[in-house]
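A.B. asks: Structure below; questions to follow.
The numbers here are math on the coordinates, done by the rules we state, and not lab data. Nothing here was measured: the structure is a model prediction, and the numbers come from that model. Neighbour counts run over all protein chains shown; Cβ positions are idealised from the backbone, glycine included.
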Amino acid sequence: MADIAISNVTKSYGKTAVIHGVDLAIRDGEFVVILGPSGCGKSTLLRMIAGLEEISGGTIAIAGEAVNEKEPRERGCAMVFQNYALYPHFSVAENIGYALKVAGVAKAERMRRVREVAKSVGLEEYLDRKPSQLSGGQRQRVAMGRAMIREPKVFLFDEPLSNLDAKLRVQMRLEIRKLHQRLGATSVFVTHDQVEAMTLADRIVVMNAGKIEQIGTPSEIYDRPETLFVAGFISSPPMNLLEVTIPVRGEAHAGDIVISTPAFLAGKPGAAAMIGVRPEHLEISAQGRFSLQAEFVEKLGSVQLVHGSFAGRDFILQCPATQPVAAGQRLLFDIPAAAMHAFDPATGARIPKVQPAGRQNEPVAA
Amino acid sequence: MIERTPVLNFFTHLAMLVGIILAALPIYIVFVASSHDFQTVNIVPMPLTPGYSLVENYTKVWTKSDFGTKFVNSFIVATGVTIGKIAIAAITAFSIVFFNYRLKMLFFWLIFVTLMLPLEVRIVPTYAVAANALSPIQGVLNGLFNAPALLLGLIGIEGLPQVALKLPEWNLLNSYTGLILPLVATATGTFLFRQFFLTVPAELVEASKMDGAGPIRFFWDVLLPLSKTNMAALATIMFVYAWNQYLWPLLVTTRPEMTTATMQLQKLVPGPLFGQPPVWNEAMAGTLIVMLPPLLVVIFMQGYFVRGLISADK
């Protein structure tokens, strides 16, 4: 069992706090992706699990045992670094086998295991090469082999794919996922790339400014973003957000535009809310109640994104590539109430659909 | 920059040629002088073409000056100094770059300041220590033991017994230790290693931590192999430096079997001081012999030397 329990962990450098009380429970064998913009503290959190950064407050426990005071080597974690961090003067075999050498494993046994690992990451023919003679993807595989050979309880990945080109990234992503299915070790993967997060994760942890915004499965995060930040950060193209007031139930006003809203949003004069709807959920039709002038069109192959402005904000419509759209053209669309998300503009919290009994159903007054 | 300018080419080549002549001509004259017999070399002006006594002069000066022993001494000293300097420089730089402790920068600057205090400046105290290596410890201990008596003396209480501790004498004069040790401390080397260590990516340190390697393992398995070119550069500079040492060996050795090749050169020119005409042909032959080892070291190491100084290879 190698579950990771992170409770109330903080990190500060001098007086600057970068992580403010993070709680996270990672189950044994789970693949968790920590996702967030750069500088949100996601790498710091990973490095604290690894033991490369001191923990300023709170505890981290691996397999039920607090590891705050333990050296990295005693924690049973292996790490794959962003820039691979291979030893440049060692051959591939030596790089992979170094941990075993340090641990004092006899040479014959070491070579046997190195070959075994090299085989599973497809590097058998390159064992004698130096890292400088390998391509980016091969180096990445060496780094993974180096992590695998220790048969760790926990795999830590620190943005391991961000130095690869787009095609290789997709391929390595698959390989990492396969590796996880085969080994079943608890894995923590840090990235700023949401596609990576969506495809790899059992659960995603979205972080922002040193705090966890939301923890959930990829579909939960996509379908039900808990905060305004998550709504704007997850998925590409981003969610369209509109600042509205909801004077009466069922009606949102953005300037002189009136949008019908789901019934759960209670109305109150002057009550403000943020309404969000994903570009792919907008319904484009000739009978649409709203209109948007296309400023420019991004063609992505299967779909095209039409950028324009609506109710004074940047707005994106997604339509099939078959539909002819040109810049300057006016498009009509509808906003289906079912696809609508609503957030409290003051706290950024989601206004939930199902209200606890006995509580008034209101957005915060402005 | 690739340019096609015949005029500029001509002048750059000219400048190069002048440079080569300036550097090589004196050596050529030394070579010519070392190849003539005693009479010819003293003709004014001296002939500028090689003579016929080359082998004779070299064998004569080699046996007469006992260069066999002197070369062995010089090699032991130069190699000892080089290895010592590299070892100390690598270890100090390792400590300064990869560990965090209080007053770290102070220590670094203390080392750095010694760049301004070459051996020549501190030669008298260094000699005193070499004459009795334990004398500083003895002095400190005696000072500590006698401090109470001294303080009480200040406030008028006298008559406390004075301690005069006498440690056994440890004489470094006329020994390899004495020739090597005072030359081993090196700020240049520490600085060179520090600059290189600073370029080693932090991930490499972290990766080795994750692999379970402790600091010494990391130093030995990762850092030292990576600093190979650096060490070669330092070794080149330091070997030449140690080989060319003159003042310190002159002070610290009195027995002829402990003297070094460089010291012996001065004895090759007894000259007018001793009422004889100088034996220039033999002196020049000796000079060339003594020049040879550092020259060979530079030639063999120059590839590494340049790469080490600019740290291009990683």
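A.B. asks: So what's the projected area for the protein assembly as shown, the Cα convex hull averaged over all directions, in nm²?
C.D. replies: Computed as one quarter of the Cα hull surface, the answer is 55.1 nm².
A.B. asks: Further question on the same structure: Working from Cα positions, state the angle (0 to 90°, nearest 10) between the long axis of helix A:92-102 and the longest principal axis of chain A.
C.D. replies: 70
A.B. asks: Can you put A:Cys319, A:Cys77 in order of Cβ neighbours within 10 angstrom, beginning with the fewest?
C.D. replies: Listed from fewest to most nearby Cβ atoms, that is A:Cys319, A:Cys77.
A.B. asks: Something else: Which of the helices in chain B meet the span-like rule: DSSP H, Cα axial reach of 24 Å or more, Kyte-Doolittle mean at least -1.0?
C.D. replies: TM-like helix candidates: B:6-33, B:67-98, B:135-154, B:280-310.
A.B. asks: For the Cα atoms of chain A, what angle does the longest principal axis make with the long axis of helix A:166-183, in degrees from 0 to 90, nearest 10?
C.D. replies: Helix A:166-183 and the main axis of chain A meet at about 70 degrees.
A.B. asks: Count charges around A:His281 for me, please; just the other residues with Cβ under 14 Å from its Cβ, Lys/Arg as +1, Asp/Glu as -1.
C.D. replies: -2
A.B. asks: Mind checking which of B:Phe145, B:Val7, B:Trp248 is farthest towards the positive end of chain B's charge dipole, using Cβ charges of +1 (Lys, Arg) and -1 (Asp, Glu) about the Cα centre?
C.D. replies: Value computed over the given set: B:Phe145.
A.B. asks: Of A:Phe310, B:Phe67, B:Ser95, which is farthest along the charge dipole of the protein assembly as shown in the positive direction, counting Lys and Arg as +1 and Asp and Glu as -1 at C-beta?
C.D. replies: Value: B:Phe67.
A.B. asks: Another question about this same structure. Name the residue from A:Val9, A:Asn68, A:Pro37 whose Cα lies farthest towards the positive end of the charge dipole of the stretch A:1-82, charges +1 on Cβ of Lys and Arg and -1 on Cβ of Asp and Glu.
C.D. replies: It is A:Pro37, whose Cα lies furthest towards the positive end.
A.B. asks: How much net charge surrounds B:Trp243 when only the other residues with a Cβ under 14 Å from the Cβ of B:Trp243 are counted, with Lys and Arg +1 and Asp and Glu -1?
C.D. replies: Result for the local shell: +2.
A.B. asks: A follow-up question, please. Restricting to chain A, what percent of DSSP beta bridges are antiparallel, rounded to 5?
C.D. replies: Antiparallel bridges make up about 75 percent of those DSSP assigns within chain A.
A.B. asks: Follow-up question, since we're still on this one. On a 0 to 90° scale, report how tilted helix A:107-120 is relative to the longest principal axis of chain A, with both axes built from alpha carbons and the result rounded to the nearest 10.
C.D. replies: Value to nearest ten degrees: 30.
A.B. asks: Which of A:Lys15/A:Lys211; A:Lys42/A:Lys101; A:Lys153/A:Lys211; A:Lys153/B:Lys104; A:Lys11/B:Lys104 have a Cα-Cα distance over 28 Å?
C.D. replies: Where the Cα-Cα span goes over 28 Å, the pairs concerned are A:Lys42/A:Lys101; A:Lys153/B:Lys104.
A.B. asks: If R₀ is 41 angstrom, what is the calculated FRET efficiency for the pair B:Thr12 and B:Met116, using the beta carbon separation as r and rounding to 0.05?
C.D. replies: Efficiency, rounded to the nearest 0.05: 0.65.
A.B. asks: Residues with beta-carbon under 11 Å from that of A:Ala185, excluding A:Ala185: net charge, scoring Lys, Arg +1 and Asp, Glu -1?
C.D. replies: So the environment of A:Ala185 carries a net charge of 0.
A.B. asks: Do the sum for chain A: with -39,500 (n - 2.57) for every DSSP H run of n ≥ 4, divided by all residues, what is the mean residue ellipticity at 222 nm, to the nearest 500 deg cm²/dmol?
C.D. replies: Rounded to the nearest 500, it is -7000 deg cm²/dmol.
A.B. asks: Cα atoms only, the stretch A:4-228: Rg and Dmax in Å?
C.D. replies: 17.5, 56
A.B. asks: Next question, about the same structure. May I ask you to derive the relative contact order of chain A, considering only C-alpha pairs under 8 Å and at least 6 residues apart, and to give it as an integer percent?
C.D. replies: Across chain A, relative contact order equals 15 percent.
A.B. asks: Of the peptides A:198-210, B:117-129, A:114-126, how do they stack up when ordered by the mean number of other Cβ atoms within 10 Å, highest first?
C.D. replies: Output ranking for A:198-210, B:117-129, A:114-126: A:198-210, A:114-126, B:117-129.
A.B. asks: List the extent of the Cα atoms of chain B along each of their three principal axes, largest first, rounded to whole Å.
C.D. replies: The principal-axis extents, from largest down, are 80, 60, 34 Å.
A.B. asks: Return the lysines within reach of B:Lys228: Cα separation strictly under 17 angstrom, same-chain partners fewer than 8 residues apart disregarded; answer none if there are no such residues.
C.D. replies: Straight-distance partners of B:Lys228: A:Lys130, B:Lys85, B:Lys314.
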